[in-house]
Amino acid sequence: MHGSATTTRTTHHTSHRQNRIRGLQGAINNPRTTHSGRSHAEQQLHHMGVKPAHPSIGTRLRHFFHLPGISHGHRSTRKTHTPYSTTHTTTRTAY
């Protein structure tokens, strides 16, 4: 049958809701979020019945001193990849 009380499934609506929650919590912890944006995110989480996470002290300090967020292993400049192989092979044809 279609419905079962023992099976828990993640439906499209549930994953969309969780993605929205994660996005709003990310907006709260983003040091570049404005005060009004942070307040709006907290209000939306409250309406969804989720306890809003308070920003960490590091986020508050970075926002206060206008510092960028922490980059996690990303390079500031992108390394361009060459389209050709770096190993050189030579072929000779005998005439």
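The values are calculated or read from the model by the stated rules, or taken from the named source; none is laboratory data. In this text the structure is predicted, and so the values were computed from the model without any measurement. With ideal geometry, Cβ positions are generated from the backbone for all residues, glycine too; neighbour counts draw on all protein chains shown.
Some notes on this structure:
- The numbered conditions (1) modelled with pLDDT under 85; (2) in contact with a Lys or Arg (Cβ under 7 Å, 6 or more places away or on another chain) are all true for THR14 except (2).
- Count - residues of the stretch 39-65 that are assigned to a helix (DSSP H, G or I), surrounded by 10 or more Cβ atoms within 10 Å (Cβ to Cβ) and either hydrophobic (A, V, I, L, M, F, W, C) or at pLDDT below 70 (or both): 3
- Among (1) more than 17 Å from the chain's Cα centre (by Cα); (2) modelled with pLDDT under 85, the one test that PRO68 misses: (1)
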